[in-house]
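The values are calculated or read from the model by the stated rules, or taken from the named source; none is laboratory data. Keep in mind the model is a prediction, meaning the values are calculated, not measured. Neighbour counts run over all protein chains shown; Cβ positions are idealised from the backbone, glycine included. Note: areas computed on protein heavy atoms with side chains; ligands, DNA, RNA excluded. Shrake-Rupley method; radii C 1.70, N 1.55, O 1.52, S 1.80 Å.
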Amino acid sequence: MIRWMLAILACAGAGGCASSRDALKIRVVDDAKGPVRYEGPLAGPHDSMEALVEAACERMREPPASSRDGRSWGYCAVFFSAPDDEGREKWFVGHVAPLRAEGEVSERYCVLPIDLVAPSHTEMLALGGAYEPRLGRQDWHPTLFLNERTGKTWERDVLVFSLSSPDSCRVNSYIGFSRVVTALQKGKFVPVGTVYNGRGRVEQLAVAD
C-alpha cells in the first residue's frame, strides 16, 4: 500500500491496452484505501526516475504521430514520488500530455492540469525551445519553463520527452522547488541549466554530453 498517493498498473505488457494512444493515458480514480489511485501502464510504481523514463520512452515511440506533418514532437509528463510500505521511494506518472508546436517548429508547449485530481482545469506550459547538433542529428531541448497564463516561472515538477527521430528520446526534467533543469545522459540525470528569474528562462550550464 502506497501512502497518501497510490498508483497501479492497469495493463500488463505492451499488448495489454486497447490502442497505443491508450498506452499513455493516466486515469485518476477514488480509492477506499487512500485519497486517489492513478491507473495506466505508465502510472507506476517505478523503482527510480531512470526506470520511469525508460518505460515512458519505450511507449512514447510507439503511439501514432500527433502533429500536422505526420510526426510526434514528444510529450510532457507530470511525475511524483512516494514511499512504499517498506519506506522505499517509488516514482509515478500522474498525467501525460503531447508536446505541441506554435509558430516556429522550435517553439513548443504542453497543456497540463493544475490539479491531477481535476485534470479538466489546465494551464499552458511554454517551453520555448532550441535545436543543437547531437550524434549527427538536430536535437530539440526546452529553453523556457513558463506558465503562459500567469507569465511567471512554472512551479510544478515535469518531465519533457523530445522525439527527434523514431529511435531517439531526449529527456529533460524540471524541478519546481529548485528550478534546476536536468537531462538524461548515459542513463543518469545531470544538471544542464537553472531558471534564475521569474519569467522561466533557462540559463544553460556548460556540461559535457
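Inside region 103-121, residues that are touching a Ser or Thr at 6+ places or on another chain (Cβ under 7 Å) and among the β-branched types (Val, Ile, Thr) make up a count of 2. Scanning region 175-201 for residues that are in contact (Cβ under 8 Å) with a residue 40 or more places away in the chain and in a loop (DSSP other than H, G, I, E, B) gives 187, 197, 198, 199, 200. Which residue is modelled with the lowest pLDDT, if the candidates are limited to region 39-61 and must be surrounded by 14 or more Cβ atoms within 10 Å (Cβ to Cβ) and over 15 Å from the mean Cα position of the chain (by Cα)? Per the criteria, the residue is 39.
For region 83-110, the set of residues classified as assigned to a loop (DSSP other than H, G, I, E, B) and crowded, with 19+ Cβ neighbours inside 10 Å consists of 99 only.
For region 102-110, the condition of being farther than 26 Å from residue 48 by Cα, more than 17 Å from the chain's Cα centre (by Cα), modelled with pLDDT of 85 or more and among the β-branched types (Val, Ile, Thr) holds for none of the residues. When residue 180 is tested against the conditions (1) farther than 22 Å from residue 101 by Cβ; (2) open to solvent by less than 20 Å² (accessible area, probe 1.4 Å); (3) modelled with pLDDT of 95 or more, the lone failure is (2). The combined condition, being out of contact with any Asp or Glu (no Cβ under 8 Å at 6 or more places or on another chain), under 19 Å from residue 192 (Cβ atoms) and surrounded by 19 or more Cβ atoms within 10 Å (Cβ to Cβ), is fulfilled by residue 77.
In summary, strands (runs of 3 or more DSSP E) completely within region 111-174 and bearing 1 or more residues that are polar (S, T, N, Q) occur at 118-128, 137-141, 158-162.
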